[in-house]
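> Here you go, one structure.
The values are calculated or read from the model by the stated rules, or taken from the named source; none is laboratory data. Because the structure is predicted, anything quoted here is derived from the model rather than measured. Don't worry about glycine lacking a Cβ; one is built from the backbone with ideal geometry, like all the others, and counts go over all protein chains shown. Just the protein is used for accessible areas: all its heavy atoms, side chains included, with ligands, DNA and RNA removed. Shrake-Rupley method; radii C 1.70, N 1.55, O 1.52, S 1.80 Å.
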Amino acid sequence: MTAEKSGTTGRRSGAETRADGTGAKNPPDDAAGAGPGSGSPDERASGADSSGEDDTAGTVTSAGKAKRTRKARRTGAAKAAGAASTADKTSTADKAGAGTDKAEAGTEAGTEAEARDRADAAKKDGDAAEKSDAAEKSDAAKQDGTGDDEPADPWSAFGPAPEPVLGRPRRAVRAVGRFLVHEWTLAVVAALALAAAMTWPTLRYPRHTLPQDYWDPSLQAWQMAWSGHILRTNPAQLWHSNTFYPENWSFAFSDTLLGYAPAGLIGVGPEHAVLRYNIMFVLAHALAAFGAYALARQLGAGRIGGAVAGASFAYAPWLLAQAGHLHIISNGGIPLALAMLARGHGWSLRYGYRPRRRHAGWAFAGWLVAAWQLSLGFGIGLPFAYMLAGVVLVSVVLWFVRRRKVKRPFGRRLFLADVLGGLVFAAVGAALAVPYFKVAELHPNAERTIGDIGLYSPPASGFFTAPAESRVWGGLHEGARAVLPWHPEMTLLPGFVLYALAAGGLFFSVWRVRHRIFLLAGVLVTMALAMGTRFFGGRFTYVPLFDYLPGWSGLRTPGRMMLWTTLLLGLLAAGAVTAFCMRVRELAAERVPPWPGPWLRLATLLPLVLVLVEGLNATPQPVVPRQPAALRTVDGPMLVLPSSQNLDQPVMLWSTDRFQPMVNGGSGFTPRSQARIREATVSFPDYASVDYLRQIGVKNVVVLRDELEGTPWEGMLDRPVDALGVAREQVGEAVVFRL
């Protein structure tokens, strides 16, 4: 570009030389002053490179040529006068000489005046050319991005290196690399690794052991296996399971963990059921930590503050007592759904409402996650559903009050996402509630009473008492647990470190003061609800909910409301830790060089480490009783003796090979039909018991010889069966009576 403009300047200089008239009369001089337009290519190139160095070159060339022209005219005039003087040889020589002198003087005067005029014209043309060249260079500088006051970049003739065009494989590799180092990817990986470590040794022998005990975990392992099996074979019979024969709707006798049905599609038999349970047990902890982390981050906490919220929510000491209740451990969908809904509506506790951050897809996904959480059980899903309903109601009221200021708090797409998502959530809740209402209708004894709630209501001391499964506090709190009526549901310590961090968050936090007060109020209200009837008899807290909210009467353990207390305490702690990390960064910026030292970096991680240490477990890992060979071969309907609430739960697990119909089953209540069968078979085998079993359709009775001692059925194998028409056979360690 520079060479082209220099050539243009050279051509203009040549044109100015011809304009004063000398170019036509003196072609050699004109050719010499024409610039890079004449001459060899090398000379033209040289002229092009040097033409931009001095904008006054055209003016100097014009002035020099005017002087040479004037000198040439003087020489021509002198020669003409000499020739005239020699030729004129008359007597009037003096007169002729005088005339000649006058003519020469006039000619010289005219020549000098003409030369001055031409010099002035050349100077004017040179000034015009200088202004024109300066204007062109200014335009070129503007196009090149250089200022008038800055020197030209000597490397501007060289263009920037073009961006390399990446092929599809390299683009894929870059996308994968960005994904692997993304915050949420790292958070998921960290949550999984932390869950495996904090629940250890659950995964040491995942096919043969279960956390805490093998009673309720065996029941829940069967639930996942049954849901997967029936969805694969006959989905219409989902709620009519193979247990509690001959009762219908037996799958709704307890929380179903139906949301884990896809996992139940993989594998068959007790070993696969135990393995599946242990994997989901670890994944449930990981989801709880990740969900609380995502909620804290969405509300405005920093990364370490979010990690504290996630760790305290997933590994609170009181949850160690619930290790045998997977439907309570599976709570991660609650904070994750709240985080998605807040993200979809562009709302943050720290930054408020930001309309530009709204996203209808996230809001709809939040409703779907909430519906999935509800499908895991009403034990914690029902309070979550009522909380969401309350949030929606409050939001509608606030919009109605402020509708003049904010006419459209969200767009049409977000509104449709909320409507559709809310309908999906309500539909799932209604579909799941129908079997439970049917069970309540068929089995009145399944309904809870205020007296039942009082048996499981913890005192205030329970909030400072850790369960026996806590590695740090379990042994120290043994005396405090001894005075609790039912300590597995009354040891509700969320962590002393969490208490301290949340208390600090009331005074030093990134949350606004009104938000801290709101979180504190939530902590106090949920604690009062967790105390059930122990808080002033529950007249103003739990009893009104029990009496008027549909389904609330089915919740027998108020202490599980501690889940919400822990989440709110974690958010208060996250605000305090985030403010602490910000202060550390400010102190680090004052250092030279501005980089935090090792002690400052460790100080920011100390709250997280303390929360995790307090959540270390001492949970037992008992070996699951081995499946009797008879349960792999005997057909149903069948009865396995001895039978009781705890003894029947491993039997349910053993049935996952063939899912034969069986009388056995364990749940939160005992159906009257099952109680009658147990009572009628205490004298088995005799005529009355055999006849009763035949009438209800039982074909085989399996007696577990090693389990009889200390039960009402002890000694039954010594009774004769010859006159009963019953065949008796030994199958492994069990005795089978074929009716």
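> Quick one: accessible area per residue over segment 301-373, 1.4 Å probe, rounded to a whole number of Å²?
31 Å²
> With only Lys, Arg, Asp and Glu charged, each at its Cβ (+1 for the first two, -1 for the last two), find how big the charge dipole of segment 194-301 is about the Cα centre; round to the nearest 20 debye.
380 debye
> Hey, what's the per residue convex hull volume over the C-alpha atoms of segment 411-549, in cubic angstrom?
199 Å³
> Another question about this same structure. Any chance you could list P(r) for segment 189-312, counting all Cα-Cα pairs in 10 angstrom bins from zero, rounded to whole %?
Spelled out per bin, shortest first, that is 13, 35, 28, 18, 5, 0.
> Which percent of the accessible heavy-atom area of segment 587-739 goes to carbon and sulfur, probe 1.4 angstrom?
Ligands and nucleic acids excluded, carbon and sulfur give 59 percent.
> Here is a further query. In segment 371-472, carbon and sulfur make up what percent of the accessible area (probe 1.4 Å)?
Heavy-atom surface of segment 371-472 belonging to carbon and sulfur, 1.4 Å probe: 70 percent.
> Per the Kirkwood treatment, what hydrodynamic radius in Å, one decimal, follows for segment 240-374 from the mean inverse distance over all distinct Cα pairs?
About 16.7 Å, per the Kirkwood formula over Cα pairs.
> Continuing with the same structure: Excluding ligands and nucleic acids, what accessible area in Å² is computed for I230 using a 1.4 Å probe, to the nearest 10?
Taking all protein chains as shown, I230 has close to 10 Å².
> Given a 1.4 Å probe and every protein chain left where it sits, what share in percent of the accessible area of segment 254-312 is carbon and sulfur?
C and S fraction of accessible area: 71 percent.
> Taking θ = phi - 60°, what integer Hz values does the Karplus form 6.51 cos²θ - 1.76 cosθ + 1.60 yield along segment 416-430, in sequence order, with x for Gly and Pro?
Couplings: 5, 4, 5, 5, 5, x, x, 5, 4, 4, 5, 5, 5, x, 5 Hz.
> Among A342, G291, G267, whose Cα projects farthest towards the positive end of the dipole of segment 256-377, with charges put on the beta-carbon of Lys, Arg (+1) and Asp, Glu (-1)?
A342
> Quick one: grab Rg to one decimal and Dmax as a whole number for segment 566-668, Cα atoms only, in Å.
27.6, 80
> When a/c is below 1.5 the answer is rounded, else prolate if a/b is larger than b/c, else oblate, so apply that to segment 521-632 with a ≥ b ≥ c taken from the square roots of the Cα gyration tensor eigenvalues.
In terms of gyration-tensor shape, oblate.
> What whole-number value in Å² describes the accessible area per residue of segment 472-627 for a 1.4 Å probe?
51 Å²
> What dipole magnitude, in Debye to the nearest 20, does segment 280-393 give about its Cα centre under +1 on Lys/Arg Cβ and -1 on Asp/Glu Cβ?
Its charge dipole is roughly 600 debye.
> Just the number, please: Stokes-Einstein D of segment 638-683 in µm²/s, Kirkwood Rh from C-alpha pairs, 10 °C, 1.306 mPa s.
146 µm²/s
> Quick one: Kirkwood hydrodynamic radius for segment 257-310, alpha-carbon pairs, angstrom, one decimal?
Its Kirkwood hydrodynamic radius stands at 12.7 Å.
> Diagonalise the Cα gyration tensor of segment 587-739 and give the resulting equivalent ellipsoid semi-axes, square root of 5 times each eigenvalue, largest first, whole Å.
58, 15, 14
> On to the next question. How much of the calculated P(r) for segment 318-475 lies past 27 Å, in percent of all Cα pairs?
Considering segment 318-475, 42 percent of its Cα-Cα pairs are separated by more than 27 Å.
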